[in-house]
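Just below is one structure, and these are the notes that go with it.
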Amino acid sequence: MRQVRLGLRENLAQFSLLVVVNAFVGGMVGLERSTLPLIGHDDFHLGSSAAVLSFIVAFGLAKSFTNLAAGAGAQRIGRRRLLIGGWLVVLPVPLLIAVAPSWGWIVAANVLLGVNQGLAWSMTVVMKIDLVGPARRGFALGLNEAAGYGGVAATAALSGWLAAEFAPRDVLVVGGAAVALIGLALSALFVRDTAAHVRLEQRSGHDHSEAAPPLRQAFADATYRRPSLRACSQAGLVNNLNDALAWGLVPLFLAAHGASAIQVGLVAGIYPGVWGVGQIFAGRWSDSVGRKPLIVAGMLLQALALAALAASDGRIGLAAGAATILGVGTALVYPTLIAAVSDAVSPVARAPAVGVYRFWRDMGYVAGGLLAGIAADALGYGGAIGIVAGLTAASGIWVAVDLRGKRPRAGMVPRAATEA
């Protein structure tokens, strides 16, 4: 017999473990941030920005559809099983990159990486929300996203530094294998499922007989039918559109202006580093002031940062400052959007709604990879960055109009139940 409770303190051990696991999930992506665009340019001699950024398009497509499937299947298959599956599917990625004779192999490896992120990151997000209940949802999501993007920042900076001493591909292969094996071991040996916590929360303030909505209904609600959900979905898409630009184009932009691998790694690490740490405070802040003010302010700050980056001519000091502002803006937006989606639905509808939101959010990688690559080939790096800055500002205005500005409510949640 095991007592089931809702709350951060009551579930601190499992919550902390999931924070650590998500740091490794983020670390898988961070390894590519400062190395893979350079590998495409130097090892495979790709002359087109659109060709280099094709790996981001493949990653985004795979992650988006995996998010959708994971959200729909979480209740039936189980959160823990999907988390472990995410780690199993990423194990071949370092080997594919190591032996890749062509860029197509790198693109294929990023399909598997996208599936990994769609399963593993989605489940760490949903499981933390399950554990803490509604009262501290924003804070929990801030910690989750901080861990994930802290992992991105750490491995992006470290891989950039190591790439100055060793072959970038070797750095990516060795680091990816280590991260994948550790993440799998932690998830398989120590993580417990959170289905009992979902049942406990559903019994308070919600229809006991309610079932998770079918995917068709959840998709329509989060895409166009419900104003608050569609506002979050479009903002998530635009947020990851500009993240795709920062991931795939900014290293090339800086390198074209003479930046070294260490300098590229520094800028690539600052942005997710500020983003990661800032989410802890932003998520908690949104629990008290509401989600809407932070999302609107964050999108407008992102637009300002991108405009400054476009005007920097690749000067490292200005680029680092723009990366810092971009990180602050993204920190205000990222956990708050997921919390806003969770606020708007019942506990049993949470996984499908979050899955649809994350589908649209990560389609931003597809849109960003295509838009940034094509625009950079046609207009240059500065022109592409400027276009994305304008889209980000427009998205913030959309949220100001469409998102309902209610503060989250804790509700009357039972503190404990016994689970056999």
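The values are calculated or read from the model by the stated rules, or taken from the named source; none is laboratory data. None of the values given here were measured: they were computed from a predicted structure. Note that each Cβ is placed from the backbone with ideal geometry, even for glycine, and that neighbours are counted across all protein chains shown. Keep in mind that these areas ignore ligands, DNA and RNA; they rest on the heavy atoms of the full protein, side chains included. Shrake-Rupley method; radii C 1.70, N 1.55, O 1.52, S 1.80 Å.
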*asked:* Projecting each Cα onto the charge dipole of the chain (Lys/Arg +1, Asp/Glu -1 at the beta carbon, about the Cα centre), which of L266, G236, V126 comes out farthest on the positive side?
replied: V126
_Below 8 Å between Cα atoms, with a sequence gap of 6+, how large is the relative contact order for the chain in percent?_
30 percent
*Cα centroid distance between segment 249-291 and segment 27-48, in Å?*
18 Å
*asked:* Could you put V19, V99, V132 in order of accessible surface area, largest first, with the 1.4 Å probe and the full protein assembly present?
replied: V99, V19, V132
_Dipole of the chain, positive end: most advanced residue of V90, H45, A353 [Cβ charges, Cα centre]_ = A353
*Pick from L143, L245, L300: which is most flexible by mean-square fluctuation in a GNM of the chain where alpha carbon atoms under 10 Å apart are linked?*
L300
*Given the options V89, V115, V341, state which has the largest fluctuation in a GNM of the chain using a 10 Å cut-off (strictly under) for Cα springs.*
V89
*Length released on extending from R315 to D43, taking residue separation times 0.36 nm less the Cα-Cα span*: 95.4 nm
*Taking a probe of 1.4 angstrom, what is the accessible area of S312 in Å², to the nearest 10?*
0 Å²
*In nm, to one decimal, how far is the L12 label point from the S346 one, both placed 7 Å along Cα→Cβ?*
3.4 nm
_Net lengthening on full extension, R225/L181 (0.36 nm per residue, minus Cα-Cα)_ = 11.7 nm
*What is the sum of charges around V399, taking Lys and Arg as +1, Asp and Glu as -1, for the other residues whose C-beta is under 13 Å from the C-beta of V399?*
+3
*By accessible area of protein heavy atoms, probe 1.4 Å, what ranking do D343, D170 get, highest first?*
D170, D343
*How big is D for the chain, in µm² s⁻¹ as a whole number, if Stokes-Einstein is applied with the Kirkwood radius of its Cα pairs at 4 °C and 1.567 mPa s?*
62 µm²/s
*May I ask you to rank E145, E10, E165 by accessible area, largest first, using a 1.4 Å probe over the protein chains only?*
E165, E10, E145
*State in Å² the accessible area per residue of segment 261-367; use a 1.4 Å probe, count heavy atoms of protein chains only, and round to the nearest integer.*
27 Å²
*Put +1 on the Cβ of each Lys and Arg and -1 on the Cβ of each Asp and Glu in the chain; which of Q217, G7, G298 then has its Cα farthest toward the positive end of the dipole?*
G7
*May I ask you to give the percent of accessible area on the chain that is carbon plus sulfur, with a probe radius of 1.4 Å?*
67 percent
*Cβ under 15 Å from G148's Cβ, G148 left aside: what net charge do those residues give with Lys, Arg +1 and Asp, Glu -1?*
+1
*Nearest 0.05, what FRET efficiency do A98 and R199 give at R0 = 56 Å with Cβ-Cβ as r?*
0.80
*Is segment 349-404 rounded, prolate or oblate when judged by the Cα gyration tensor, a ≥ b ≥ c being the square roots of its eigenvalues, rounded requiring a/c under 1.5 and prolate requiring a/b larger than b/c?*
oblate
_If I model a spin label at I77 and W161 as a point 7 Å from the Cα along the Cα→Cβ vector, what separation in nanometres do I get?_
3.7 nm
*Highest mean first, what order results for 344-354, 118-128, 191-201, 149-159 on Cβ atoms within 10 Å?*
118-128, 149-159, 344-354, 191-201
*Does anyone have the angle between helix 54-77 and the longest principal axis of the chain? Alpha-carbon axes, 0 to 90°, nearest 10?*
10 degrees
*Gaussian network model of the chain, Cα springs within a sub-10 Å range: biggest mean-square fluctuation belongs to which of G60, G369, G382?*
G382
